[in-house]
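A.B. asks: My questions all concern the structure below.
A short reminder: the numbers here are calculations on the coordinates, not readings from a lab. Since the structure is predicted, the reported quantities are computational estimates derived from the model, not experimental observations. Reconstructed Cβ throughout: ideal geometry from the backbone, glycine too, with neighbour counts over all protein chains shown.
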Amino acid sequence: MSWQEILKTSDFLTKLEPKQKKRIKKLMQASQPTEYFGKDMTQLGTLISEMQGLDMMKVDKNLTKKMENFEEKNLEIVASAAELRKDYEVLYGQIRNMVYPKKKRDKK
């Protein structure tokens with residue numbers, strides 16, 4: 001379905017002025033969840049793993065303990081981020097369905 005067809009079927013968008021409609025469309029596109037949502041979190045995990053593999057970590061017990069704490073904290077953050085991402089996707093989907101409702105024939 002093209003974006004023109006979507007706009008024609010949306011009651012929400014027909015009530016808006018052209019500038020408002022354009023702004024809502026742009027914000028919807030910018031708000032769409034992407035595959036990069038948690039990339040920074042996983043990169044931090046990679047950094048922690050790499051640092052734990054360094055020779056100096058094997059010698060210094062305090063540093064080893066500190067890195068273990070960092071790893072635990074990162075795991076907590078990643079778990080929270082995954083939950084937040086799911087909530088974000090659900091909320092985005094609800095808003096998108098309000099702005100761009102499916103045609104009656106497309107509903108199943």
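A.B. asks: Return the residues of the stretch 37-53 that are surrounded by 12 or more Cβ atoms within 10 Å (Cβ to Cβ) and in a loop (DSSP other than H, G, I, E, B); say none if nothing qualifies.
C.D. replies: Result: Phe37, Gly38.
A.B. asks: Of everything in the stretch 32-91, what is of a type in the set (Asp, Glu) and touching a Pro at 6+ places or on another chain (Cβ under 9 Å)? Give them in sequence order.
C.D. replies: Glu89
A.B. asks: Return the residue satisfying two criteria in turn: it lies in the stretch 20-36 and is touching a residue at least 40 places away in the same chain (Cβ under 8 Å) and assigned to a loop (DSSP other than H, G, I, E, B), and of such residues it is farthest from the chain's Cα centre (by Cα).
C.D. replies: Checked the stretch 20-36; the qualifying residue farthest from the chain's Cα centre (by Cα) is Gln32.
A.B. asks: So which residues in the stretch 69-94 are surrounded by fewer than 13 Cβ atoms within 10 Å (Cβ to Cβ) and either farther than 20 Å from Tyr36 by Cβ or among the charged types (D, E, K, R) (or both), if there are any at all?
C.D. replies: Asn69, Glu72, Lys73, Glu76, Glu83, Lys86, Asp87, Gln94
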